[in-house]
Every structure is written in C-alpha cells, then in structure tokens.
C-alpha cells in the first residue's frame, strides 16, 4: 500500500510539472494573440497571462518543496487530485478556442472569454486563475506548516473548485491519500524559532538592477536522483529558492535543523520529469566565470573537481548577492573542513579601497569594489581576523543616489555618514540599526584611523566620478 501511495505521490507531483509546462505554453500563445488584437483587449489578456505564469510558478514551487517535506506530501494528494484535472481542462479548453482557425482572432478571444466565464457561473477567466493560484498558495502553506495557513480558507477554495469541476462535467475524485483530521494538520514540529539571515537576502528589493550581457542557459550536471529518492530529514528550514531560465532550473537552499548544515538542492527537467541533485555547501566550491557562477563538486572517481552547476544571472546585483550568501553559509558551516581564502573573492572585481572600521562593536574590513564588466560599485564589509577572516558581513550597492552632494558626509575625523544605503547582511549577530544615525537613518562608518576616513572620501569620490582610475593608494590598513 505504501509503495502504491508513493506512485500516486509521484504521478500527482509530476502532474504539477506537466501542467506548469502547459500553462507556460498557453501563456505564450495568448501573448501572440494579444499582439494581433486591438489595444483595448490588452487588459484582460495581460491579466490572464500573468495569472497563468503565476500558476506555473506555484506548481513548480510546490513540486520542488515536496522534496524537503516528503513526509507531508500525502496530505496534499486529495487536494492535488481536485485541482490538477480542473486546471488541465481549463488550459486545454483555452488551447481549443485559440486554435480554432475557422474564425478570426477577435472572435476566438471573445468567444473564449465569454463562454468560459458563463460555464462556471460568471467567474471571469482571469479571476479563475486567481482562484487556482490562491488554492495552490494555500497548499504550499499547508505543506511547509506555515503559521499563516488557513484551513477554513482552503476548504472554501476546495468547495469552489469542486463546483467548477461539476460545472464542466468532471466528477469529484475519490480519496487517494490518508484521511487527515484537521487538528493534526498543524501539529508542532522542531523548528528554528528565529528568522535566518539568508531568508531575507533575496526578499529585499534591489536598489538598482545592472543587467549582465551574454547570458547563456543555466544547467545542472548531476548526478541526479528521481523524486522521492533524496535523503532529506523532516526537520528542515527553507532559506531561499532561486529560479533560472523561466524556472527550467531551480536552486533551493535549506538548513538541516538537526546538524544546522546548509544544503543546496537543484531541480531540472528531462523528458518532462523532474530530476534532483543535492550537495552540502561544504561539498561545493563557487567560482565566477564572466557572467556565470559555477558550483563545483569533488569527484572521487576522477580525483578532481567537477562541474555541478552553471548559474547565469540577469543582474550583477543578484550574482553578487548569491556569491556572498553562499560563501558565508559555507564558512559558517561546521562541516566545512577547509576553505581557501580565495573563495571569498568574487572574480571580475577590482578593489579600489580598504580600511579597518569599528562596525556594531566589531572590527571589520571595509572595501570598495568595482565590477569590471558592468563598472558598478559596492561597499563590502568582512570579518577582520580570526577563523572567519574575510567572511562577508554585509554589502551595499552604490546607486544613482551617490551623485547627490549630500550622499556622503564626514561627521568627525573618524566618522562618515552615508544616506540612502541599503545593506544586505550575511550573518546573524550583526545589528545594522546600531549604525543608523539621525532622523533619516544615515549609515555611519566609524574608521579606526583618521587617514582611513580621509582616503575613503577622496578615493570614493574619485572612484564614482572616474571608475577606471587606479586607486591603489586608497587601500590602507590591508590585512
């Protein structure tokens, strides 16, 4: 019985991937239809396309997260059995209307919109996908035991989808998984009560977006395992998820709460089926090759490093944040036995300034880096000494705000204030609020030496106005 249930688990979760692919294909077709129709049709078509793409994202996310919450997948079975056939029918009906070559594109769209609205009691087609997406988001919250999960809300959505199924002639499915009592759905589990710093890195808005050129297709090289074959413990904490190439490849970072070890999980597709590869951060080395970050693993059979994944980012900021996040997770991983200091350096940058600062009561190195390809600048603070020397503490991107004459101000021989600076923090103990000053929350940099503060003003001003200038003389107190 258990083996049979696992086959159903796999079939339904693979169905998530297949319907996500179908939703993407249909959304592209509808975009083509929109371009062929008058501008007045754009609003509802755009809303429908956005809903489909969101639906595809939620479906893939649900399938990916099932790997880290494998023991709770059975709870989702009945819900997936309800939504997937209904969603699939909706998408196939849209395709049928779209491909009707006997009428004009204008009539195809109007007939599709009005007939599909009428068949489910007047619910407009874009709102139908809002309903699907709300339901899928509730399933995600149920799977990960989110404290915001609303069982009553899920049941209301389930009832509405069943009504839509019946209106379309789809019978209510039989139970395929265990019947779970509502009071057992949210039984407490062992979890880290605090928010991990890595959870916040990619949820913060980017203050600037510097596009990277010549991006190629990201890829995972394996070795791969099928769904359900990964040995992931029940006690995990999701840190972040990054999609690549329209979610054809997904990278998930999670924390094993038993030994507090961070792991990287990759998901790709082959012949429509999801395949996974898993490694701890202590088993990987990260290197930059132009606009790509390469993760390499050690091959025992070859006795040499071997490519595990190539990740192409759309912006320099995202590439930089991923690099800082990964090396910080690896450096603070108790299972990391040896980490080369060169791993902390992001290739393709040049250092234009360095000095020692007192930052939230700690000694840190403050650097100014310029990316050679994009000519973008960032501030970077790292641990000054000890076992974690050079490990990232925070970084901040220099934006157009730096052109303002009030952006940078020397408050005393040792202190400099910066306005409108957004920090991305890569450790637990750092409290940036202790460095925020004044009503506007300016960020204070406290240099150990007066010359450090003076050189920062000179070198930073020079760096922004003349990015190609060699600023070796600005690098002082280097360690």
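Since every read-out is calculated from the coordinates, none of them should be taken as a lab result. Computed from a prediction, not measured in an experiment: that's the story for all the values here. Heads up, the Cβs are rebuilt from the backbone with ideal geometry, glycines too, and the neighbour counts pull from every protein chain shown.
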remark   = Shape call for the stretch 190-247, from the Cα gyration tensor axes a ≥ b ≥ c (a/c under 1.5 means rounded, otherwise prolate when a/b beats b/c, else oblate), comes out oblate
request  = Give the angle, between 0 and 90 degrees and rounded to the nearest 10, that separates the Cα long axis of helix 316-331 from the longest principal axis of the Cα atoms of the chain.
outcome  = 80 degrees
inquiry  = Which three extents, in angstrom, do the Cα atoms of the stretch 31-125 have along their principal axes, listed largest first?
reply    = 50, 24, 23
ask   = Mind ordering 255-265, 32-42 by average Cβ neighbours within 10 Å, highest first?
value = 255-265, 32-42
inquiry  = Could you tell me how far the Cα centroid of the stretch 388-443 sits from the Cα centroid of the stretch 82-123, in Å?
reply    = 53 Å
note = For the stretch 43-186, the Cα convex hull volume per residue in Å³ comes to 113 Å³
query = Going by alpha carbons, how many degrees (0 to 90, nearest 10) lie between the helix axis of 42-65 and the longest principal axis of the chain?
reply = 80 degrees
Cα long-axis angle, helix 151-167 against the chain (0 to 90 degrees, to the nearest 10) = 40 degrees
request  = For the stretch 328-412, just say rounded, prolate or oblate: build the C-alpha gyration tensor, square-root its eigenvalues into a ≥ b ≥ c, call rounded for a/c under 1.5, and beyond that prolate if a/b exceeds b/c, oblate if not.
outcome  = oblate
Taking the stretch 32-157 and dividing mean pair separation by its residue count, relative contact order in percent (alpha carbons under 8 Å, at least six apart) = 36 percent
task = Output the direction-averaged projected area (hull surface divided by four) of the convex hull of the alpha-carbon atoms of the stretch 239-312, in nm².
result = 6.2 nm²
Per-selection Rg to Rh, the chain - Cα, Kirkwood hydrodynamic radius = 1.03
Ranked by how many other beta carbons lie within 10 Å on average, peptides 377-390, 316-329, 353-366, 292-305 from highest = 316-329, 353-366, 377-390, 292-305
message = Below 8 Å between Cα atoms, with a sequence gap of 6+, how large is the relative contact order for the stretch 236-276 in percent?
response = 31 percent
note = Taking only the alpha-carbon positions of the stretch 348-474 as identical scatterers, the Debye log10 I(q)/I(0) at q = 0.12, 0.15, 0.17 Å⁻¹ comes out as -0.41, -0.66, -0.87
ask   = So, in nm, how far is label residue 299 from label residue 372 when the simple model puts each one 7 Å beyond its Cα toward the Cβ?
value = 2.8 nm
key: Relative contact order %, the stretch 348-474, counting alpha carbon pairs below 8 Å whose residues are six or more apart   = 25 percent
ask   = Which whole number of Å³ per residue matches the convex hull of the alpha-carbon atoms in the stretch 199-341?
value = 133 Å³
